[in-house]
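A quick write-up on the structure given underneath.
The values are calculated or read from the model by the stated rules, or taken from the named source; none is laboratory data. Everything quoted here is computed from the prediction, not taken from an experiment. Quick reminder, even Gly has a Cβ in these numbers, built from the backbone with ideal geometry, and neighbours come from all protein chains shown.
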Amino acid sequence: MTGEIVAISGIAAGGDGVGRLSDGRAVFVPRTGPGERVRLREGSLHLHRGGRFARGEAAEIVESATDRVTPACPHYNQDHCGGCQLQHLGYEAQLAAKRAIVGDALRRIGKIDVSDPQILPARALWHYQAMLSLAVHGSTVGLHPHDRPGRVFPLDECHVAHPTLVELWNDLKGRLESFPERLTRISLRLDRDGVRHVMVESAGEPWLTANRLRESVPPPNTIVCWWQPVDGAARVVAGPETGFPSTAFEALHPAVVSDAGVWAMEVVGPVSGETVWDLYGGSGDVGVELALRGATVISVDADEKAIGWARRRPDAARCGERLRFIAGRVEDVLPSLPLPHLVVANPPSTGLHWDVSLRLSGEPVSRLVYLSRHPATLARDLHRLNVNYQLREVRAFDLAPQTAAVLVVAVLEAA
């Protein structure tokens with residue numbers, strides 16, 4: 001018996017192609033694209049949410065889209081690597097898919113009557129990612145297949161990771177005996193100062209052989225080794241503890257985030273003399289930029305290490321009393337802050353805390369800039385805020401080519 005043939009009409013938020021089964025239910029099929037007709041693999045169909053939609057695997061591309069390409073990375077097809085979702089599509093098709101993902105979220109979840117936003121292409125399509133996170137399963141270290149998330153395949157090369165991290169992994173994978181037992185994850189990070197970090201998570205004893213590993217890695221010997229117990233905090237066990245805190249959140253594609261910030265500042269316009277809240281401000285990039293433009297900025301983030309590094313920034317010192325950093329949860333700190341003229345928010349994947357949404361909607365500010373890597377929670381929050389705000393501008397930025405990740409900047413004004 002052959003599998004059902006499905007016409008793919010679009011790309012869903014996670015990067016899967018989406019179509020309709022013969023009974024009308026939506027079906028999500030990885031590694032497919034709009035305009036294709038695919039035959040589902042027999043037995044691959046799984047129902048979700050009480051049968052409201054299904055997921056399946058393509059056994060055959062019956063009719064290919066004109067923008068289908070051969071993936072550059074052999075892991076993509078050979079190992080069904082889950083790290084990328086869109087390598088089978090040409091770049092223009094990837095951009096179109098991300099525009100549609102954002103536009104659909106704003107209309108369907110946010111209830112906002114807007115067209116798909118303009119999207120700014122990334123500066124680099126390959127070798128841009130500043131972090132490489134590797135799973136461990138037994139003696140195998142690598143990445144998860146998208147269709148078998150409980151398994152791990154050995155990683156030879158990652159085409160989206162920065163070449164420095166790929167080179168580091170090639171040095172490390174022959175030295176796994178220097179890692180702790182009961183290893184669960186290895187993450188490689190490249191910080192903004194060019195320092196390489198090896199972050200190891202394990203369920204056993206602390207990483208006592210980190211110095212041996214550090215000394216064995218060929219020059220340039222600029223790695224810092226971190227050990228993190230499962231459900232615990234990471235700490236440096238070999239190498240200098242100074243410099244950028246690798247445990248702080250850092251963008252996978254810093255150049256794209258910089259482009260988004262520049263565009264947002266252009267839309268916002270002059271800020272000299274204004275009071276600004278920089279919420280979920282991380283290591284202070286936006287806060288410093290606003291303060292250098294003459295604003296009085298209060299930057300808040302729960303990550304104490306990121307705040308500590310931000311306070312030591314040379315450019316922050318140039319801002320003087322116009323820039324203040326506060327370590328704490330945004331929802332706890334807001335009641336103590338002076339009323340702002342402008343709010344910039346860059347929340348985590350969960351979006352704005354409910355208390356923050358209530359404060360911003362109950363006491364609207366003149367302008368609100370919302371940066372988000374998660375169109376669905378952005379759209380949800382904009383729907384909550386639309387009582388007292390109007391969406392002035394929205395633009396998407398291709399945060400991670402070859403993947404479904406997209407950065408969205410929405411600029412709102414008080415209604």
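Could you please find all residues in segment 323-360 being surrounded by fewer than 16 Cβ atoms within 10 Å (Cβ to Cβ) and either hydroxyl-bearing (Ser, Thr, Tyr) or assigned to a helix (DSSP H, G or I) (or both)?
Passing the criteria: Asp332, Pro335, Ser336, Ser349, Thr350, Trp354, Asp355, Leu358.
Filter segment 115-137 down to the residues that are of a type in the set (S, T, N, Q) and either surrounded by 21 or more Cβ atoms within 10 Å (Cβ to Cβ) or over 16 Å from the mean Cα position of the chain (by Cα) (or both) and list them by number.
Matches in segment 115-137: Ser115, Gln118, Gln129.
Yes/no per residue for (1) touching a strand residue (DSSP E or B) at 6+ places or on another chain (Cβ under 7 Å); (2) farther than 24 Å from Cys84 by Cβ; (3) among the charged types (D, E, K, R); (4) not assigned by TED's automatic domain parsing to the domain that holds Ala58:
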residue	(1), (2), (3), (4)
Gly142	yes, no, no, yes
His159	no, no, no, yes
Arg175	no, yes, yes, yes
Ser178	no, yes, no, yes
Leu183	yes, yes, no, yes
Ser202	yes, yes, no, yes
Leu208	no, yes, no, yes
Arg212	no, yes, yes, yes
Ser216	no, yes, no, yes
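Among the residues of segment 162-177, write down those that are more than 23 Å from the chain's Cα centre (by Cα) and crowded, with 19+ Cβ neighbours inside 10 Å.
Leu172
What's the number of the condition Val356 fails, among (1) in contact with a helix residue (DSSP H, G or I) (Cβ under 9 Å, 6 or more places away or on another chain); (2) β-branched (Val, Ile, Thr); (3) closer than 13 Å to Gly281 by Cβ?
That leaves (3) as the condition not met.
For segment 45-76, how many residues meet the condition of being within 11 Å of His88 (Cβ to Cβ) and part of a strand (DSSP E or B)?
Counting residues in segment 45-76 that are within 11 Å of His88 (Cβ to Cβ) and part of a strand (DSSP E or B) gives 3.
Those residues that are assigned to a loop (DSSP other than H, G, I, E, B) and free of Cβ contacts under 8 Å to residues at least 12 places away in the same chain, I need them from segment 174-196; list them, please.
Once the filter is applied, which keeps residues that are assigned to a loop (DSSP other than H, G, I, E, B) and free of Cβ contacts under 8 Å to residues at least 12 places away in the same chain, segment 174-196 yields only Gly174.
Going residue by residue through segment 91-103, is there one that turns out to be in a loop (DSSP other than H, G, I, E, B) and small (Gly, Ala, Ser)?
So far as segment 91-103 goes, no, none of its residues is in a loop (DSSP other than H, G, I, E, B) and small (Gly, Ala, Ser).
Quick one: which of Leu399, Leu371 is within 24 Å of the chain's Cα centre (by Cα) and outside any loop (DSSP other than H, G, I, E, B)?
Just one listed residue meets the conditions, Leu371.
Under 9 Å between Cβ atoms, at least 6 apart or on separate chains: pull out the pairs that start in segment 241-259 with a residue that is more than 17 Å from His127 (Cα to Cα) and end on any residue that is modelled with pLDDT under 70 and not charged (D, E, K, R).
Ser258/Ala251
Could you tell me which numbered condition Ile112 fails, if it satisfies all but one of (1) more than 21 Å from Ala65 (Cβ to Cβ); (2) touching an Asp or Glu at 6+ places or on another chain (Cβ under 8 Å); (3) buried (at least 17 other Cβ atoms within 10 Å of the Cβ)?
Failing condition for Ile112: (2).
Please name all residue pairs, on different chains or six or more residues apart, with Cβ atoms under 9 Å, provided the first residue is in segment 109-120 and is at pLDDT 95 or above and the second residue is in a loop (DSSP other than H, G, I, E, B) and not hydroxyl-bearing (Ser, Thr, Tyr).
Sorted first by the residue in segment 109-120, then by its partner, the pairs are Gly110/Asn386; Lys111/Asn386; Ile112/Asn386; Ile119/Asp398; Ile119/Val406; Leu120/Asp398.
Please go through segment 268-286 and give me each residue that is at pLDDT below 95, surrounded by 24 or more Cβ atoms within 10 Å (Cβ to Cβ) and at negative phi, ordered by number.
Of everything in segment 268-286, those that are at pLDDT below 95, surrounded by 24 or more Cβ atoms within 10 Å (Cβ to Cβ) and at negative phi turn out to be Gly281, Ser283, Val286.
Just need a number here: residues in segment 229-267 that are β-branched (Val, Ile, Thr) and modelled with pLDDT of 90 or more.
Total satisfying the criteria: 3.
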